[in-house]
Amino acid sequence: MTDLKPGYVERWTNLPEGVSASGGAVASPLGQWAWAWFEGARNPHVLLITIYIFAPYFAQHLMSSPVAGQALWADLNTLSGVIIAIVAPFMGAIADAGGRRKPWLFVFSVILGLTAAALWFALPDEQGLPFFAICVLLVVTFASFDFTAVFHNAMLPTLVPEKRVGALSGLGLALGNFSGVVLLVFMLICFSLPGVVDWPFVPSTPWFGVDQAAHEPERLVGPLFALWFLLLGLPLFFFTPDQPRVTLGPVEAVKRGTRSLVRTVRSLKSYKNVTTYLVGRMIYNDGCNAILIFGGIYAATTFSWGTLDMLVYGVILSIFATFGGVFGGWLDHTFGSQRGILISVAGTMVGLVLSLSMRPDTILFFVPYDTALPPVHGLPFFKSWPEIIYLAIVIIIAIFITASYANSRTMLARIAPASKMTEFFGLYALSGTATAFLAPFVVARATEWSGNQAIGLASILGLLGIGFVIMLFVRNERAVAVE
């Protein structure tokens, strides 16, 4: 065994020259990658639980009907959004007053992992946890996921120069989707495909004696995410630098942070450009989140897809969403943060319209399709042309939504006052959740009123359009802190 080449370790651990976007030292390459990999550890929570696997399982098997399940899933997301809207800005302000972000990030990471793991006990007919307890777990895991985002996002501008913020942000999103692909493929090969196909790389029976009939693959996503989060999330706490600690007692930090937040909210009139951005982002981000929240349920119920179909669906979309993170970084570098967001939101709108034009018996609104036709291929999923075309269209949505997330975070890191970065990322979380009730409420009511899921989802176009128009008035310039 040969030793590492001289200087190899130093290249990863030495601090590069230059100044970070917040005015401090630049983090080492290892510290930057550890920050990005934390997102790779955290974001599979969205893919496994919020979108592709647990959400359809909740709507189809824990509720009396998919419509009732979609409505309650929306209500649970609304409740967690209210909690974030109230608490997150105060959290960010307190962390700014105390200096350090990693202790807060660690606490909410532990809560996130534990609540996700407990979803293993979410069995139908209350054979495991009481249904109310399942709902509480979901609200807590949704809220803790967003709390980790507040402190993780706030570290971004302290790690790299301003010109590298977009690239590191895009890398984090790309690794998040890549991780989701790895976990979805693992579940597909080890738990869902066994017994369905006779392929050489697929075991004959599910690993660990997992029972498909008892919905164990769907419930396993919680513990699987928690283990992955533990393994890949820990490096951040060892290698990514934190802000210097401010010598304050916890009570004083709370007081000072709260006072700072109140001043910031009151002084938003002095940050008109940032305020305009936060409002626009609040609206279009609500629409993007709603597409994700309801996308899995809509696909599963519209095309009668089971867990196997949803796993393959999630793998394909996550692969392309991985490129969406890189695409977002390219948009930011080529066109700037504002134009990158406009392109991403417009692409999402086009993709949503096209996706709603697809039904099992209809292509692009008007072209009929005979559902009695034989399968177009021999694979055990996506056997009709409407399903295949729908998948291709939703790939567009996955790319543009991921790009919009990456560009949105980058834009705030570039226009918010450097000395109030965590505080404004608290307001950023608020802008992402303050109207979180709106899109789920509108979609649920429109679906119930029309009896048509496509019409319900079409209501999201209004939010995306309003956010797009507001973003036209945002400038790419950093605000100066007002004391």
So in the range 468-477, with the set limited to residues that are under 12 Å from S337 (Cα atoms) and in a loop (DSSP other than H, G, I, E, B), which one is modelled with the highest pLDDT? L472
Could you list, ordered by first residue, the pairs with Cβ atoms under 7 Å in which the first is in the range 348-363 and closer than 9 Å to Y390 by Cα and in a loop (DSSP other than H, G, I, E, B) and the second is among the charged types (D, E, K, R) and at pLDDT 85 or above, at least 6 apart or interchain? none
Look through the range 110-133, keep the residues that are over 15 Å from T50 (Cα atoms) and among the aromatic types (F, W, Y), and return whichever of them is surrounded by the fewest Cβ atoms within 10 Å (Cβ to Cβ). F132
Does the range 316-332 contain any residue that is in contact with an Asp or Glu (Cβ under 8 Å, 6 or more places away or on another chain), modelled with pLDDT under 85, surrounded by fewer than 23 Cβ atoms within 10 Å (Cβ to Cβ) and not aliphatic (A, V, I, L, M)? no
Residue, modelled with the highest pLDDT, within the range 436-467, restricted to residues that are part of a loop (DSSP other than H, G, I, E, B) and farther than 13 Å from D75 by Cβ: S459
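Looking at D286, is it more than 16 Å from the chain's Cα centre (by Cα) and in a helix (DSSP H, G or I)?
no
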Let me confirm something: among P368, P380, P375, which residue is of a type outside the set (S, T, N, Q), out of contact with any Leu (no Cβ under 6 Å at 6 or more places or on another chain), at pLDDT 85 or above and over 30 Å from Y277 (Cα atoms)? P368
If you check F147 against the conditions, is it under 30 Å from A25 (Cβ atoms) and at pLDDT 85 or above? yes
Filter result for A418 (surrounded by fewer than 20 Cβ atoms within 10 Å (Cβ to Cβ), touching a Pro at 6+ places or on another chain (Cβ under 9 Å), of a type outside the set (S, T, N, Q) and within 30 Å of Q338 (Cα to Cα)): yes
Only residues that are at pLDDT below 85 and part of a helix (DSSP H, G or I): list them for the range 300-315, please. A300, T301, T302, T307, L308, D309, M310, L311, V312, G314, V315
Taking I111 and the conditions (1) more than 30 Å from A59 (Cα to Cα); (2) of a type outside the set (K, R); (3) at pLDDT 85 or above, which numbered condition does it fall short on, given that it satisfies the others? (1)
I'd like to check something: does the range 419-434 contain any residue that is at pLDDT 80 or above and under 23 Å from V326 (Cβ atoms)? no
Sort out which residues of the range 182-201 are within 24 Å of the chain's Cα centre (by Cα), surrounded by 16 or more Cβ atoms within 10 Å (Cβ to Cβ) and of a type in the set (F, W, Y), and write them in order of number. none
Entirely in the range 1-66, the helices (runs of 4 or more DSSP H) that have 3 or more residues that are over 26 Å from the mean Cα position of the chain (by Cα) and at pLDDT below 85: 8-13
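Among the listed residues L188, L168, L79, L137, which satisfies the condition of being out of contact with any Cys (no Cβ under 7 Å at 6 or more places or on another chain) and at pLDDT 85 or above?
After ruling out the rest, the residue left standing is L137.
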Tell me which residues, restricted to the range 340-365, are surrounded by fewer than 23 Cβ atoms within 10 Å (Cβ to Cβ) and over 19 Å from G287 (Cβ atoms). R359, P360, D361, T362, I363, L364, F365
Checking the conditions here, which among A403, A392 is of a type in the set (G, A, S), at pLDDT 80 or above and surrounded by fewer than 18 Cβ atoms within 10 Å (Cβ to Cβ)? A392
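The values are calculated or read from the model by the stated rules, or taken from the named source; none is laboratory data. Remember, predicted model here, so these are calculated numbers, not experimental data. Here Cβ is always computed from backbone atoms with ideal geometry, including for glycine, and neighbour counts include all displayed protein chains.
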